[in-house]
Amino acid sequence: MALQGWFQFKKMRVILAWSAIPLLLLCSHMTDRSFQWGAVLMVIGEMIRFWALGFMEKKGQKLAMSGPYAFVRNPLYVGNFFLGLVVTVIVWNWIILVVFLVGFLGIYAGTIRGEEKHLLEKFGKTFEDYCKNVPSLFPRFSPYDAPTRDAFLWSRITKHHEYITVMGVALILLLIQLYEKLFRLKEPAADHKMLIASAVIVVLALALERLLVSKLHITFFERLREKHTPSQKS
């Protein structure tokens, strides 16, 4: 049930992010400097997410306490915060910043409570001790001395399809750039062929990934779960 709730939250988060693009474009006050700072924050956010995913075997099934999890309980969400901040910095609009901060806290506060309730039921005192020593979103200065430790694996990053996040953020940045150049500054499209081509390539890559990778991946595990779930007699 907790895992199903996580998928629902993830779907809602993606829908909100993409539906906010028109508002971001209309409210954009982007400058070269704001875009550069946004690019820096994007790298920071993705590095945090890569670091966290490299230590996360399976969400909600195994307690991760190594790597970034030794400093903060939810490093993935810290990475998400930086990725969200990327867009607010690029568009350089304080109203968007306030909306983002309120929305981030509203969405993730409830999500974290639900996830941690599930983890407390599953791991008991181990997770309780972990929570007492490691903050939820604001990292501690020294790593927590966890009873068990794990190693960083690049294969976990691929398994969690992190490349989708990278492509999604890249597409948002490309769309903001194109809107700025083509619609606000009225520059000729011929001068930005590379930007247009890059956006088209990313859109196609995301569509193909959804059709050929994610859909097959989800379908496979749904069938596997059905196969191992005993049928209930009415």
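Only the coordinates and a few stated rules stand behind these numbers; no lab work does. It should be emphasised that the depicted structure is a prediction, and the values quoted were computed from it without experimental measurement. Because the Cβ atoms are built from the backbone with ideal geometry, glycine has one as well, and the counts that use them run over all protein chains shown.
Residue by residue, the range 112-120 carries 3J(HN,Hα) couplings of 5, 4, x, 5, 6, 5, 5, 5, 5 Hz when phi is fed to the Karplus relation 6.51 cos²θ - 1.76 cosθ + 1.60 (θ = phi - 60°); x denotes Gly or Pro.
Checking every one of the trypsin sites (Lys or Arg not before Pro) in the range 126-193 against DSSP loop status and a limit of 16 other Cβ atoms within 10 Å picks out ARG140, ARG149, LYS186. May I ask you to work out the translational diffusion coefficient for the range 32-106 at 37 °C, viscosity 0.692 mPa s, via Stokes-Einstein with Rh from the Kirkwood sum over Cα pairs, reported in whole µm²/s? Value of D from the Cα-based Kirkwood radius: 248 µm²/s.
Tally Lys and Arg at +1 and Asp and Glu at -1 over the other residues with C-beta under 14 Å from the C-beta of LYS132: what net charge comes out?
On the way: positive: ARG73, LYS125, ARG140; negative: GLU116, GLU128, ASP129, ASP145.
For residues surrounding LYS132, the net value is -1.
Rg and Dmax of the range 64-153, both derived from C-alpha coordinates alone, stand at 15.2, 45 Å. Distance between the modelled labels on ILE196 and HIS161, one decimal in nanometres: 3.1 nm (7 Å Cα→Cβ projection). The Rg/Rh ratio for the range 95-147 is 1.09, where Rg is the radius of gyration of the alpha carbons and Rh is the Kirkwood radius.
Available extension along the chain between THR31 and LEU153 is 40.1 nm, counting 0.36 nm per residue and deducting the alpha carbon span.
The stretch between LYS122 and ILE44 holds 24.9 nm of extra length on full extension. This uses 0.36 nm per residue minus the Cα-Cα distance.
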